[in-house]
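S.K.: Next up is a structure, given as structure tokens.
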Amino acid sequence: MDTIIAATSARIRDAREAKTPLAIHGGKSKSFYGGAIIGESLDLRPYSGIIEYEPKELVLTVRAGTTLVEIERVMDAASQTLPFEPPHYAEGSTIGGTVASGLSGPRRPYTGAVRDFVLGARILDGKGDDLRFGGRVIKNVAGYDISRLMTGAMGTLGVLLDLSFKVLPKPVEELTLRYDFDEAMAIRQFNEWAGKPLPISATSWHDGVAMLRLSGAVAGVKAARLKLGGELVAHDVAKLFWHSLRDQRDAFFQTVEPLWRVSVPPTTAPLGLQMPQWIEWGGGLRWHRGVADVAALRAKIAQAGGHVTLFRYGDKAAGVFNPLQPVLTKIHRDLKAAFDPENILNRGRMDNF
Amino acid sequence: MHAELIADFQRVSPPLKLIVDTERLKPFETDAYISHRALPLCAVMPDTESQVVDIVKACSVRDVPLVTRGAGTGISGGAIPLANGVLVVLSRMNKILEVDPASCTARVQPGVANAAVTSASARYKLFYAPDPSSQIVCSIGGNVAENAGGVHCLKYGLTVHNVMRLRVVALNGEVLEIGSAALDAPGYDLLALMHGSEGLLGLITEVTVKLTPEPQHIETLLAAFPSVTDAANAVNGIIAAGVIPAALEMMDKMVINACEKFMSAGFPIDAEALLLIELDGAREEVAEQLETVERVLRACNQQEIRRAGDDAEREKLWKSRKGAFAALASISPDYYTMDGSIPRRCLPEVLARYQQLSAEYGMLIANVFHAGDGNLHPVVFYDATKPGELERSEELGGKLLEVCVEVGGTITGEHGVGIEKLKQMCVQFRDKELAMFHAIKAVFDPAGLLNPGRAVPSLKRCSEWGGMHVRAGEIPRADIPRF
């Protein structure tokens, strides 16, 4: 593995010299996401494998090219899980891509996002320097939190090498309840439940149907089920439903129309956009499908305190990510320059600064 | 120049509370790292964000450094004034602006005390989870600057996991809006970058925190063990059994004896280690976990298990833990608390190394700490009246932290680097990593005026200290990956 690091570092130095951009990737399961891909392929898949995993420590350290499938297989055997329920989208998606994209699955509002579980990162910066930040311990405040800064940076600040995570025991019991709610009722009910000590692990609303997943100890889930009414969904059906939502396999998401990721404060009232909608994250994430005036949409959502990403399909020319506050734009440019002075790493994948 | 700066401050509108006379500056000459102190040029106590902007602009124009201070409870010296600088005290910005039970959030000014957020949320059956032991006094702004932890972080996370949004005044006087009331924000995770940045990147003027629903039921247990190793095994056993306790605290014999002497806690005196365990959640869930935990404790040679029957008994058990540091003062008036963090499995090994170092230096070390997340707080006793003892205690403290780095841990879990652990930063990080920290600081503060010299050592200072430290990546026990 040291030879891979040395070779990758040399490649970055050469690319910097020649000012040629590098397109970092793993399984390419999320290549649809973010700004257009420019440059020569830098394939991280050979840099794979679990470096250290001792379930009792609740800490996993893994190479960036390791597939989620492999990690989940090993963790499953120890009855543990990556608590942010990472989306796979396609076969072969890697942990490096998960951290770089910063995307989390249905469990996010209730257990935390990928950034909440990152403990440490070893990276190669845009000069090819091998740097280590954070650690393998749960509490660590030495130095700025650069490992969390890597999360969601779309690979623009460094090539991710080794990553450490806090992990959690897998819930012993899981069940899903179904409700016939309209949109307003679903949003209101999701938020009301979120303010109570209930073992909620996922919420979804689409087309008049709300789904609620409970996860935890057997007794706790049973007790909550009695309070929550609804109609119990068969275990296999529920499992398939949440996997399908996590990986966006439903026909709603599989289209050629632009797919908008609208992130708003969860209590936001129905937005009234004239587009088909799927709600997740207790009301905090509202997927919309259809052609829209981007500027008008962004202005409307900004009013609500949220932001809009063109997640998939559609014309990226109008900007994939929501524009930043002008003073933050300069900070983003300067941070990028500090890590990658010649702008060779995933150039343009973050297109809002 | 000093007079001109004071004149600038006097022109701020609405009028700014300004302290210039030595006598009234005295209370601000140190934070809770009391072995070091300095008097600033002056102290300013703004009430509003616009005053903070004016202060920063005035200092920036005149190239005068500023140090930000909240309640001054930090124990790594990060809020000690600079003799050539201004001290910005944010304790008057102490309003809770909004508690919103619908979204489970609270919007507060930086000077609000940590515990006040929970008090203001209690009527909605919500609480603010991070609970550093100084929570009655310590401020939310300081909690963000240090990424404060507490006894409940294994389950509920650190400050960085419980803050959604910040308003931060940058050195050029612009107000940055970082994070979002939504579950994510576009761009880089600057929210994470601000947490634990120790006042080096900006001045926090508003914090939106996430509130957590109060658990339905709580169980608190105290377990006594004949050895530290047995207690450490119990800690690992509980977590291996799939239980994440709300709190999991350990105390060693010296702490047990001090508590016994100081407040007659009624601990078994032949115990070598105590564990304080708190479980919370739905009543049925806690009952299930309680059974599991008791089974693990019995398998780990526990001598005695005590279970709090009601809130009063729970208070009593916690009193022994929270009062431990006060009790330790009965052993020796002067002590020095460290803050290393290690992989949990290394607990017995590290505690044994501490005892060796204690013997080597002829100084007592007590241990009372957050066992669940491997965050150690060894306490080194010294006598400040003996010449050289303070320096020796600091040297020993440094060694204790280096042991943490050696086993793959870190020099600070929750107290921050400040001025206290600059030397150990040179042990934990290599020159290129430190250079990256400086580059990040320069993005936010090119002139280097915000809390300069704290949290990140200069490369020059590291190379001066280099004699006693390992350089160029040649770390001890190189077999252990370090990130």
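S.K.: Along the charge dipole of the protein assembly as shown, pointing to its positive end and built from +1/-1 on Cβ of Lys, Arg, Asp and Glu, which listed residue (B:MET250, A:ASN343, B:LEU87) has its Cα farthest out?
M.R.: A:ASN343
S.K.: Moving on. If you build a Gaussian network model of chain A, linking Cα atoms that sit under 10 Å apart, which residue out of A:PRO21, A:PRO83, A:PRO270 swings the most?
M.R.: Of A:PRO21, A:PRO83, A:PRO270, the most mobile in the Gaussian network model is A:PRO270.
S.K.: Based solely on its DSSP helices, what 222 nm [θ] is calculated for chain B when runs of n ≥ 4 H residues each add -39,500 (n - 2.57) and the sum is averaged over all residues, nearest 500 deg cm²/dmol?
M.R.: The helix contribution divided over chain B gives -10500 deg cm²/dmol.
S.K.: With an 8 Å Cα cut-off and a minimum separation of 6 or more residues, compute the relative contact order for chain B in percent.
M.R.: Relative contact order for chain B comes out at 13 percent.
S.K.: Consider all pairwise Cα distances in chain B and report the whole-number % of them above 32 Å.
M.R.: Pairs farther apart than 32 Å: 43 percent.
S.K.: Same structure again: What is the sum of charges, Lys and Arg at +1 and Asp and Glu at -1, for the other residues whose Cβ falls under 11 Å from the Cβ of B:GLY196?
M.R.: Result for the local shell: -2.
S.K.: Separate question: Given Cα pairs under 8 Å that are at least 6 residues apart, what percent is the relative contact order of segment A:293-353? Intermediate values should be presented prior to the final figure.
M.R.: Numbers: 37 pairs, mean separation 19.0, N = 61.
So the answer I get is 31 percent.
S.K.: Find the eigenvalues of the gyration tensor of the Cα atoms of segment B:217-284, then list the square roots of 5 times those eigenvalues as equivalent ellipsoid semi-axes, largest first, in whole angstrom.
M.R.: On the way: eigenvalues 110, 46, 11 Å².
They are 23, 15, 7 Å, listed largest first.
S.K.: Something else about it: From the C-alpha gyration tensor of segment A:130-194, pull out the three semi-axes of the equivalent ellipsoid (sqrt of 5λ each), sorted largest to smallest, in whole Å. Don't skip to the end; give the middle numbers.
M.R.: Values: eigenvalues 285, 60, 31 Å².
They are 38, 17, 12 Å, listed largest first.
S.K.: Something else about it: Can you list the residues, at least 5 places off or on another chain, whose amide H is less than 5 Å from the amide H of A:GLN80, using H built in the peptide plane?
M.R.: Amide H neighbours of A:GLN80: A:LYS170.
S.K.: Right, something else. Restricting to the protein assembly as shown, what percent of DSSP beta bridges are antiparallel, rounded to 5? Intermediate results must be reported in sequence, preceding the final value.
M.R.: Details: 113 of 126 bridges.
Rounded to the nearest five, the antiparallel share is 90 percent.
S.K.: At 222 nm, what helix-only mean residue ellipticity would chain A give, in deg cm²/dmol to the nearest 500, using -39500 (n - 2.57) for each DSSP H run of four or more?
M.R.: Numbers: 11 runs with 106 residues, N = 353.
Calculated from helices alone, the mean residue ellipticity at 222 nm is -8500 deg cm²/dmol.
S.K.: Another question, then. Mind jotting down the three principal axis lengths of segment B:340-454 based on Cα atoms? Whole angstrom, largest first.
M.R.: Its Cα atoms span 46, 38, 22 Å along the three principal axes.
S.K.: With no solvent and one point per C-alpha, what does the Debye sum give as log10 I(q)/I(0) for the protein assembly as shown at q = 0.05, 0.07, 0.09 Å⁻¹?
M.R.: One equal scatterer on each Cα of the protein assembly as shown leads to -0.25, -0.51, -0.88.
S.K.: Something else now. Could you name the aspartates and glutamates whose alpha carbon sits less than 16 Å from that of B:LYS125, not counting residues in the same chain fewer than 8 places away?
M.R.: A:GLU192, B:GLU98, B:ASP100, B:GLU214, B:ASP280
S.K.: What percent do you get for the relative contact order of chain A when only Cα pairs under 8 Å and 6+ apart count?
M.R.: Once normalised by length, the contact order is 20 percent.
S.K.: Cα to Cα, under 19 Å, and not fewer than 8 places away if on the same chain: which aspartates and glutamates meet these conditions relative to A:LYS330?
M.R.: Within reach: A:ASP340, A:GLU342, A:ASP351, B:GLU174, B:GLU177, B:ASP189, B:ASP445.
S.K.: Also, quick follow-up: Per the Debye formula with a single identical scatterer at each Cα and no solvent contribution, what log10 I(q)/I(0) holds for segment A:1-137 at q = 0.10, 0.14 Å⁻¹?
M.R.: -0.35, -0.69
S.K.: Quick one: net charge around B:THR22, please, counting Lys, Arg +1 and Asp, Glu -1 for every other residue with C-beta under 15 Å from its C-beta.
M.R.: Taking every other residue near B:THR22 into account, the sum is 0.
S.K.: Next question. Return the average number of partner chain Cβ atoms within 10 angstrom of each residue Cβ along peptide A:144-157.
M.R.: Neighbouring Cβ atoms belonging to other protein chains average 5 per residue here.
S.K.: Please identify, among A:ALA296, A:ALA64, A:ALA121, the residue showing maximal mean-square fluctuation in a Gaussian network model of chain A using a 10 angstrom Cα cutoff.
M.R.: A:ALA296
S.K.: Using Cα positions and a limit of under 26 Å, work out the lysines in reach of B:LYS17, with same-chain residues fewer than 8 apart set aside.
M.R.: Excluding near neighbours in sequence, the set is B:LYS26, B:LYS57, B:LYS95.
S.K.: Given a cut-off of 32 Å, name the pairs among A:LYS127/B:LYS399; A:LYS139/A:LYS196; A:LYS30/B:LYS460; A:LYS170/B:LYS399; B:LYS155/B:LYS316 whose C-alpha atoms lie farther apart than that in the structure shown.
M.R.: Working: A:LYS127/B:LYS399 34 Å; A:LYS139/A:LYS196 28 Å; A:LYS30/B:LYS460 43 Å; A:LYS170/B:LYS399 38 Å; B:LYS155/B:LYS316 22 Å.
In this structure, A:LYS127/B:LYS399; A:LYS30/B:LYS460; A:LYS170/B:LYS399 exceed 32 Å between Cα atoms.
S.K.: Could you work out which residue, out of A:TRP205, A:TRP193, A:TRP287, moves most in a Gaussian network model of chain A, that is, has the largest mean-square fluctuation with Cα springs under 10 Å?
M.R.: Most flexible of the set in this elastic network: A:TRP193.
S.K.: Give the Rg/Rh ratio for segment B:84-212, taking Rg as the radius of gyration of the Cα atoms and Rh as the Kirkwood radius, to two decimals.
M.R.: 0.94
Only the coordinates and a few stated rules stand behind these numbers; no lab work does. Bear in mind that the values here come from a model prediction, so they are computed numbers and not experimental data. So basically every Cβ, Gly included, is an ideal-geometry build from the backbone, and we count neighbours across all protein chains shown.
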